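Undergrad: First the structure, which I've put down as structure tokens, then a few questions once you've had a look.
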Amino acid sequence: MTVADSQTARLLGQGRRLEHFTIGWNVLEAGVSVWAGIVAGSTALIGFGLDSAHIAATETPFSSPDFRKS
């Protein structure tokens, strides 16, 4: 393994950890926003929460097999 390969592997690992943290944060944000929206009767908060859930569900670029090809 060359230095470039080692650095690439390290950076991909950091990217995956950041991706997992971001997805977890978005799931937490979605749950809190939907709950707060229901309690407050706010359609806007519920919509924000659903949008956060959608982002969390579709945010997987490092997990995609096509990512490694680029």
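The values are calculated or read from the model by the stated rules, or taken from the named source; none is laboratory data. No experiment lies behind these values; they were computed from the predicted model shown. Here the Cβ positions follow ideal geometry from the backbone for every residue, glycine too, while neighbour counts run over all protein chains shown. When the accessible area is computed, the model is the full protein with side chains, heavy atoms only, and any ligands, DNA or RNA have been set aside. Shrake-Rupley method; radii C 1.70, N 1.55, O 1.52, S 1.80 Å.
Undergrad: Among the numbered conditions (1) surrounded by 12 or more Cβ atoms within 10 Å (Cβ to Cβ); (2) among the hydroxyl-bearing types (Ser, Thr, Tyr); (3) without any contact (Cβ under 8 Å) to a residue 12 or more places away in the chain, tell me where Ser52 comes up short.
TA: (3)
Undergrad: Go over the candidates Arg16, Arg68 one by one and state the one that is at pLDDT below 90, within 15 Å of the chain's Cα centre (by Cα) and open to solvent by 70 Å² or more (accessible area, probe 1.4 Å).
TA: Exactly one residue qualifies, and that residue is Arg16.
Undergrad: Could you tell me whether Thr22 is open to solvent by less than 90 Å² (accessible area, probe 1.4 Å) and modelled with pLDDT under 85?
TA: no
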